[in-house]
Structure formats: C-alpha cells, structure tokens
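The values are calculated or read from the model by the stated rules, or taken from the named source; none is laboratory data. This one's a predicted model, so the numbers in the text were calculated from it and none came from an experiment. Positions of Cβ are generated from backbone atoms using ideal geometry, with glycine treated the same way; all protein chains shown enter the neighbour counts. We work out accessible area using only protein heavy atoms, side chains counted, and drop any ligands, DNA or RNA first. Shrake-Rupley method; radii C 1.70, N 1.55, O 1.52, S 1.80 Å.
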Amino acid sequence: KADLEITINLSGLTNGRAQIGKVINPGFYEACKSSFDAIGAGEKRASEFLIESRYSDAYDLPSALFAVYSAKRASESMLGVGKETDIGILRDGQARIVSDEMKHALAAAYEKLRSTKPDLDTVVRLLK
C-alpha cells in the first residue's frame with residue numbers, strides 16, 4: 001500500500017441503488033451509512049450542514065442539488081477548503097457532471113437566500 005495522503009469519495013449504482021463510500025489513506029474502504037458523505041478539510045462542516053438541514057435521499061433532484069451545494073459553500077469557511085466545486089449526478093444508470101451554467105444558478109440562489117436571512121437582532125425582536 002502506498003501512502004498517497006489522499007481520500008477519495010466514491011459513488012455509484014449497484015442494482016439501481018446508490019452506494020457511497022470512500023477510500024481512506026493508505027487504501028482502506030469505508031462504506032457510508034447515511035444518504036450523503038463528505039471528504040476533506042470541510043467534511044465536518046458540510047456534514048453538519050446536511051444534518052441540520054435534515055437532508056434525505058427522498059429529496060427531489062433540485063432540492064438535493066441545492067442542499068449539497070449549500071453544504072459545500074458552508075464548508076468554505078473552514079481553513080483549506082477552496083472555492084472550486086464539481087458536482088456529479090448519478091441517475092437512471094448514468095453519470096453526468098453539473099454544468100457551469102447550473103453551478104452559476106445554484107450560486108445565485110444561494111446568495112439570494114443568504115441575503116434574505118434575518119440577522120440575530122431581528123430574530124430576537126420577533127421572538128419578543
């Protein structure tokens with residue numbers, strides 16, 4: 001086994017059912033027990049975001065895309081997490097990569113939602 005100091009997230013379909021796992025340095029495989037997984041410096045923050053969002057494999061595709069994109073963006077607050085994002089979709093036995101146009105649409109929706117969130121003072125005033 002070589003020590004490559006990397007973790008690889010693997011996703012695929014087995015008999016029509018999605019499977020998620022990761023290869024962890026130095027070559028061990030770990031199956032994911034939930035409907036999502038994350039790797040890298042932002043792994044914990046992205047996972048927490050999806051848990052807080054009550055992410056489920058029952059989400060429709062647009063909701064799932066937005067939730068996963070939002071988790072990635074939330075993880076960018078962690079040291080070492082870059083801005084570049086690649087998203088792949090496994091559906092109906094085929095794999096495809098989300099286009100730059102779709103990523104721009106996700107980014108615009110994310111920024112719009114973030115800009116409409118009330119600040120803590122507003123929330124506290126509403127609770128009184």
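The table below lists the values:
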read-out: Residues being assigned to a loop (DSSP other than H, G, I, E, B) and open to solvent by 50 Å² or more (accessible area, probe 1.4 Å) - total across segment 67-81; value: 4
read-out: Test: residue in segment 1-15 that is of a type in the set (G, A, S), under 30 Å from K112 (Cβ atoms), exposed (fewer than 14 other Cβ atoms within 10 Å of the Cβ) and out of contact with any helix residue (DSSP H, G or I) (no Cβ under 6 Å at 6 or more places or on another chain); value: no
read-out: Single unsatisfied condition, E84 versus (1) in a loop (DSSP other than H, G, I, E, B); (2) more than 16 Å from N9 (Cβ to Cβ); (3) open to solvent by 50 Å² or more (accessible area, probe 1.4 Å); (4) of a type outside the set (F, W, Y); value: (2)
read-out: Segment 89-119: number of residues that are surrounded by 10 or more Cβ atoms within 10 Å (Cβ to Cβ), in contact (Cβ under 8 Å) with a residue 12 or more places away in the chain and part of a loop (DSSP other than H, G, I, E, B); value: 1
read-out: Number of the exception - E43 against (1) modelled with pLDDT under 85; (2) out of contact with any Ser or Thr (no Cβ under 6 Å at 6 or more places or on another chain); (3) open to solvent by 40 Å² or more (accessible area, probe 1.4 Å); (4) more than 15 Å from I89 (Cβ to Cβ); value: (1)
read-out: Any hit, segment 54-61, residues being of a type in the set (A, V, I, L, M, F, W, C), over 14 Å from F36 (Cα atoms), open to solvent by less than 50 Å² (accessible area, probe 1.4 Å) and in contact with a strand residue (DSSP E or B) (Cβ under 9 Å, 6 or more places away or on another chain); value: no
